[in-house]
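Colleague: Mind looking over this structure? Questions follow.
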Amino acid sequence: MDRVIAAISTAVAPAGIGVVRISGDRAIEVAGRIFRPASKKRALEDAPGYTAMYGWVFDADGDIDECVALVFRAPHSYTGEDVVELSCHGGPYLLQRTLRAAFSAGAVPAQPGEFTKRAFVNGKIDLTGAEAVMDLITANSRLAAKSALAVREGALYRKMETVLDELTTAAANLSAYVDFPDDDIPELESGALDKTLKKAEETLNNLLDKFDAGKVVREGIDTVIVGRPNVGKSTLMNLLAGHERSIVTPVAGTTRDIVEETVRLGDIILRLADTAGLRKTDDSVESIGVGRAESRLERAALVIAVFDGSEPLTEDDCELAEKSSRQTSIAVINKKDKGIIINTEYIKNKFKHTVLMSAETGEGLEELEKALGEITGVAALSDNEPILSTERQRLCVVRSLECIKEARQAIRESITLDAVGVCIDGAIDALLELTGERATETVVDRIFERFCVGK
Amino acid sequence: MGYIAGEYDVAVIGAGHAGVEAALAAARLGCATVIFTINLDSIGNMPCNPSIGGTAKGHLVREIDALGGEMGVAADANLIQCRMLNRGKGPAVHSLRAQIDRREYSKYMKYRLETTENLDIQQAEVVKIERLGERWRLLTHLETEYIAKAVIIASGTYLGGKIYIGDLVYESGPDGMFAANRLTRSLSELGISIRRFKTGTPARALRSSIDFSKTERQPGEEPVIPFSFETKEKLENRVDCHITWTTRKTKEIIEKNLSRSPMYGGRVRWVGTRYCPSIEDKVVRFADKERHQVFIEPCGLHTEEMYLQGLSSSLPVDVQLEFYRTIPGLENVKIMRPAYAIEYDCCDPLQLSATLEFMDYPGLYGAGQFNGSSGYEEAAAQGLVAGINAALKILGRPPMILDRASSYIGTLIDDLVTKGCSDPYRIMTSRSEYRLVLRQDNADERLTPIGRRVGLVDDLRWENFRQRQEAKKRERKRLKETVLPPTEQLNRLLVSCETTPVSTGVRLEDLLRRPQLDYQKLAPVDSQRPELDPMVREQIEVEIKYEGYIRRQRAAIDELRRLESRLLPDGIDYSEIKGLRKEAQEKLNRIRPANLGQASRISGVSPADLSVLVVWLGSRGRAENSES
């Protein structure tokens, strides 16, 4: 049975619609784990081929986006296998999250050209297409090799190498202890082993944190400015846009109706959306969200909640604070220049980050920038910082991390060392996938380097 | 040419641990078989340590036994001490290791060969082999000629053997036997790529010259656990081993005399033998290590020869004696046979397929040290596989290929034929990515059905196996269905084992899953339990305790088998497949993997190359379909 593969099959750029495609024998089952039809009577698994179903795509953290799932049954699909295409709103953040949900549900990242490859293998592309497919794979792999090379020279590679080195040494210690019981190998102390694992876990966690921050740097973050009327949303928007007017670059494929402005603030790219209302449209997917500023708020990766500091707190303000503080958010208490009479304590209690400013005069913009940097993790990044750059790299790290956690759990529960060893091998293998080596060989070599064993 | 002395199905060259298994397997499967040895008195000889088993090696012996091979039964019959290594480190790495009476073992094996139907034994050196149509012609030093459909080369360290002791260099096989000096040339003429490996062995010392009071006694463990699933009689520990350590003085003497070693004196350039390092290698490579461990092992019940494990050397005899005498207990040691290094010819195993047949020489097989491995158990495992496959081919039956997920035997062979080796290859538990599944306790479950299909598992063994499986199934069901009420007795027991008491009924299976509990500890509260074979009990316990980990390994195994089922047909010219990178083309052409799984393990073959292969396979399949 072939693995289920998934990838974003539209351009990863702000656009009206984005599609995550899932293909394989169990594609519908995998998609069914992350898609909830709006109608409770229906299930994705029961959908016949060539049908669309409206609902929500979700992950462990909750709903990601409204979505239309298109179901294709083998052999009547592009790849000739069962295929589900999840059409979501176009933002890269939402698409990435959807893709990750598919991975946690059992899919694996599609290799370059893999959909086409499968289409060919399943007879959907004729024989004359074979060469073209191979060319495609070769071209893609050259590209990948080039970027892999960049990885080898980069800070990420060095970081990974350190982790790998420590894990390999731990595995070698363990293997030597186990494989040469009669030799003079020091007793393995599980406390020391756990310490090594803990360190690796921290490093990898750190890399993962920065992966998301790195994405903010590269692709921008879906940001929404909310607030009741006349608190200064538009002024803030203009300030942010105007502040950077000269270097605002519309991202290719930007549909200006959806992402109003793409703004670079320091190191951060914000894709700002207005909540004043979305356009009316005939598009079935898009129309679902129209007119519902709240849903926009829920979908955004970052919420800037604006309050009028010169007026007392209103009921609407409180409701907004309640809602937006559940998400990654920042509170802006505006109109500082007019004197602050709002209950700032109340707001500061609700939000992790609160900025007092005046959108009118620009006062406090720097603080906003700083707060945005902290909240998106960009502030923690520096130029020489290792950053995971692709979803595939991220997934390898995630898998490695899972194995390390399992190894630590085994140690905690006093499971024997052979099980711990297998978990560490798994962690090494996941990281080695980025360099194409194999755990068992690396570990065996390390044993002989480090230990005087043998008859 | 001489006269034709015999025509056979299978001819085996060499009667060491590989040759013996190969010949027995082929003969038992009904093939007319002949086995050649330079000296009939060295059949199944142990020219190095007098022991069988050890980590991962013990697994191999169990696997050989489960398939219907001889080594496990023979080891049990001649065992003089036994230990289960790695207790407490986990079931995956529990390994049996036994001291063996080496002369008795050799006698046993010789008698086995002599009394096996379809098997002839010849004391002769094979000096030449050549093709004769679809068959092979063998010529011996006695100028007799043999014709065989299949030939298995299991030449050990005899092939081109050369012994080094200090300045001394002389042609010799192991243990003072003659070397086989002429066959290499014949193999080279055929076009087989031959290389030279080195190994070594320590001195044998006279027991009465050793002062054991200065050493640490290492007795066997009770009860003795047999290697073979079929050994029913109780075995006994009959000897002790002893442990001592080298001293600072030992190190000094070795360092002072390094120039007199063939290697450090610069007279030879040996690729480091990682698993069998000499004491001088250890002193040089691990210079900061103060002392090295030495095991003193008896070579048998009716001999005073003691094997000094850890002291292999190629230093001159006088230096050997000098440094041996710096070791506590060995102050007045008398050496009976000196340590030596031996160099020998072997093949590059990348020329072989997983059946151990040479890809370019149908009917020609290699096994054991000839294939670049080290160790009796590794040799026996390959001998068995080569013997079985030679016979199956002659009988017109499909080959027996053991994949990595089935066994350590499969792992060992896959490593050799896919990755090759640059120094003698030793099996280790860390070589297997599936080691929680490949345990010594379940070798029968993994391999006896395969052995049965092949034809080496007789009715009695099969019946015993099925009964064990039945008992296991019943007991698993009982453990799943038996619920213990939360009695005071149960909770007292749980608390005394430092695990949490229960307030509701609890299944036996769930109790067994707790790390603090085991079968034995639960005995007082599990009064209904049936009599169980200890092996079965062990299997059940491990399966329950490690269920989560085992499940994960099984998923990885499914993935492996999916790739292994995509066969790459024979005779592909990979340089003609567009899209493969050059390195991949070269490696694939050289190693010629049998399937995509094997291809994926070749270093230098990337996932993209694999994708190209999949597409290529697909287009090829379709082209063939449209033709037919």
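The values are calculated or read from the model by the stated rules, or taken from the named source; none is laboratory data. These numbers were taken from a predicted model, which means no experiment stands behind them. Here the Cβ positions follow ideal geometry from the backbone for every residue, glycine too, while neighbour counts run over all protein chains shown. With ligands, DNA and RNA removed, areas are computed over all heavy atoms of the protein, side chains included. Shrake-Rupley method; radii C 1.70, N 1.55, O 1.52, S 1.80 Å.
Colleague: Would you mind working out the magnitude of the charge dipole of the stretch A:5-110 relative to its Cα centre, with +1 at each Lys and Arg C-beta and -1 at each Asp and Glu C-beta, to the nearest 20 Debye?
Modeller: That gives a dipole near 100 debye.
Colleague: While we're looking at this one, here's another question. Residues of the stretch B:314-355 with amide nitrogen under 12 Å from the 7 Å Cα-to-Cβ point of B:VAL284?
Modeller: B:314-315
Colleague: Nearest 20 debye, what's the magnitude of the dipole of chain B about its Cα centre given +1 on Lys and Arg Cβ and -1 on Asp and Glu Cβ?
Modeller: Using Cβ point charges on Lys, Arg, Asp and Glu, chain B gives about 1480 debye.
Colleague: Report, to the nearest whole %, how much of the accessible area of the stretch A:5-110 belongs to carbon and sulfur atoms, 1.4 Å probe, protein only.
Modeller: Ligands and nucleic acids excluded, carbon and sulfur give 55 percent.
Colleague: For the stretch B:344-497, what does the accessible surface come to per residue with a 1.4 Å probe? Please give it in Å².
Modeller: For the stretch B:344-497, the per-residue accessible area is 32 Å².
Colleague: I want the local charge near B:GLN99. Using Cβ-Cβ distances under 11 Å, sum +1 for each Lys or Arg and -1 for each Asp or Glu among the other residues.
Modeller: So the environment of B:GLN99 carries a net charge of +1.
Colleague: Let me ask another. Rank B:ARG185, B:ARG260 by accessible area, highest first, at a 1.4 Å probe radius?
Modeller: From most exposed to least exposed: B:ARG185, B:ARG260.
Colleague: Within the set of other residues whose C-beta is less than 9 Å from the C-beta of B:LYS57, count the net charge using Lys and Arg as +1 and Asp and Glu as -1.
Modeller: 0
Colleague: Leaving out ligands, DNA and RNA, and with a 1.4 Å probe, what % of the accessible surface on the stretch B:146-302 is carbon or sulfur?
Modeller: Exposed carbon and sulfur together represent 50 percent of the surface.
Colleague: Quick one: plug the Kirkwood hydrodynamic radius of the stretch A:5-110 (C-alpha pairs) into Stokes-Einstein at 37 °C, 0.692 mPa s, and report D in µm²/s.
Modeller: Here the translational diffusion coefficient equals 249 µm²/s.
Colleague: How big is the gap, in Å, between the Cα center of the stretch B:387-425 and the Cα center of the stretch A:62-82?
Modeller: If you average the Cα positions of each part, the centres end up 43 Å apart.
Colleague: Extent of the protein assembly as shown along each principal axis, from alpha carbon coordinates, in Å, largest to smallest?
Modeller: So the extents along the principal axes, rounded to whole Å, are 109, 73, 67.
Colleague: If you count only protein heavy atoms with a 1.4 Å probe, what accessible area per residue comes out for the stretch A:5-110, rounded to a whole Å²?
Modeller: Accessible area per residue: 38 Å².
Colleague: Interface size between chain A and chain B, please: total buried accessible area, 1.4 Å probe, rounded to the nearest 100 Å².
Modeller: Accessible area lost upon association: around 5100 Å².
Colleague: Separate question: Between B:LEU258 and B:TRP462, how high is the FRET efficiency from 1/(1 + (r/R0)^6) when r is the Cβ-Cβ distance and R₀ = 41 Å? Nearest 0.05.
Modeller: FRET efficiency, B:LEU258 to B:TRP462: 0.10.
Colleague: Given a Förster distance of 51 angstrom, what is the FRET efficiency for A:GLU161 paired with B:TYR3, based on the Cβ-Cβ distance and rounded to 0.05?
Modeller: Calculated transfer efficiency: 0.15.
Colleague: When the solvent-accessible surface of protein heavy atoms is calculated with a 1.4 angstrom probe, in what order do B:LYS198, B:LYS162, A:LYS41, A:LYS370 fall, highest first?
Modeller: Largest to smallest exposure gives the sequence A:LYS41, A:LYS370, B:LYS162, B:LYS198.
Colleague: Which distance in Å, rounded to a whole number, links the C-alpha centroids of the stretch B:50-84 and the stretch A:317-333?
Modeller: Result: 71 Å between the Cα centres.
Colleague: Using 0.36 nm per residue of separation minus the Cα-Cα distance, give me the extension gain between A:ILE17 and A:THR328 in nm, one decimal.
Modeller: So the extension gain works out to 109.6 nm.
Colleague: Please list the non-local residues whose amide H lies under 5 Å from the amide H of B:ARG337, H modeled 1.01 Å from N, same-chain partners needing a gap of 5 or more.
Modeller: Here the answer is B:ARG204, since their amide H atoms fall under 5 Å of that of B:ARG337.
Colleague: Over the whole of A:419-427, what's the average partner chain Cβ count within 10 Å per residue? Rounded to a whole number, please.
Modeller: 5
Colleague: Return the loop-located chymotrypsin sites (Phe, Trp or Tyr not before Pro) in the stretch B:204-294 (DSSP other than H, G, I, E, B) with at most 16 other Cβ atoms within 10 Å of their own Cβ; answer none if there are none.
Modeller: Qualifying residues, ordered by number: B:PHE286.
Colleague: Would you tell me the mean number of C-beta atoms belonging to other protein chains that fall within 10 Å of each C-beta in B:273-282, as a whole number?
Modeller: Averaged over the peptide's residues, the number is 3.
Colleague: Can I ask one more? Given only helices, namely DSSP H runs of n ≥ 4 each adding -39500 (n - 2.57), what is the per-residue ellipticity at 222 nm of the protein assembly as shown, to the nearest 500 deg cm²/dmol?
Modeller: After summing the helix terms and dividing by residue count, I get -12500 deg cm²/dmol.
Colleague: Tell me, what is the FRET efficiency for B:GLU304 and B:GLU216 to the nearest 0.05, using R0 = 22 angstrom and their Cβ-Cβ distance as r?
Modeller: E(calc), rounded to 0.05, equals 0.60.
Colleague: Shape of the stretch B:484-595 from its Cα gyration tensor (a ≥ b ≥ c, root eigenvalues): rounded if a/c is under 1.5, otherwise prolate when a/b > b/c, or oblate?
Modeller: Cα axes put the stretch B:484-595 in the prolate bin.
Colleague: List for the stretch A:176-201: residues with 50 Å² or greater reduction in accessible area, all protein chains versus chain alone, probe 1.4 Å?
Modeller: Listed by number, the residues meeting the 50 Å² cut-off are A:VAL178, A:ASP179, A:PRO181, A:ASP182, A:ASP184.
Colleague: In addition: How shielded is B:87-96 by partner chains, expressed as the average number of their Cβ atoms within 10 Å of its Cβ atoms?
Modeller: Partner Cβ neighbours, averaged per residue: 5.
Colleague: With a 1.4 Å probe and all protein chains left in place, how much accessible area per residue does the stretch B:196-325 have, in Å²?
Modeller: Value returned for the stretch B:196-325: 45 Å² of accessible area per residue.
Colleague: Would you jot down the residues in the stretch B:494-519 that end up with at least 40 Å² less accessible area in the complete protein assembly than in the chain alone, with a 1.4 Å probe?
Modeller: B:PRO515
Colleague: What is the distance, in nm, between label points placed 7 Å from the Cα along the Cα-to-Cβ direction at B:GLU488 and at B:TYR170?
Modeller: Taking the simple label geometry, B:GLU488 and B:TYR170 are separated by 8.1 nm.
Colleague: Separate question: Pull out a ≥ b ≥ c, the square roots of the eigenvalues of the alpha-carbon gyration tensor of chain B, then state rounded if a/c is under 1.5, prolate if not and a/b is larger than b/c, and oblate in the remaining case.
Modeller: It comes out oblate by the Cα gyration axes.
Colleague: What ³J(HN,Hα) values, in whole Hz, does the Karplus curve 6.51 cos²θ - 1.76 cosθ + 1.60 give for the stretch A:42-58 when θ = phi - 60°, with x put for Gly and Pro?
Modeller: So the J values, rounded to whole Hz, are 9, 9, 4, 4, 8, 5, x, x, 6, 10, 10, 9, 9, x, 10, 9, 9.
Colleague: With the crude spin-label approximation of a point 7 Å out along Cα→Cβ, what separation in nm comes out for B:ALA556 versus B:VAL502?
Modeller: Output for this residue pair reads 3.2 nm.
Colleague: Could you check the simple spin-label distance between B:LYS477 and B:ARG269, using points 7 Å along Cα→Cβ, in nm with one decimal?
Modeller: 6.7
Colleague: Step through the table entries B:LYS89/B:LYS545; A:LYS405/B:LYS521; A:LYS117/A:LYS210; B:LYS473/B:LYS545, compare each Cα-Cα distance with 22 Å, and write down the pairs that go over it.
Modeller: A:LYS405/B:LYS521; A:LYS117/A:LYS210
Colleague: I'd like to know which of B:GLY90, B:LEU190, B:ILE38 lies farthest towards the positive end of the charge dipole of chain B, counting +1 on Cβ of Lys and Arg and -1 on Cβ of Asp and Glu.
Modeller: B:GLY90
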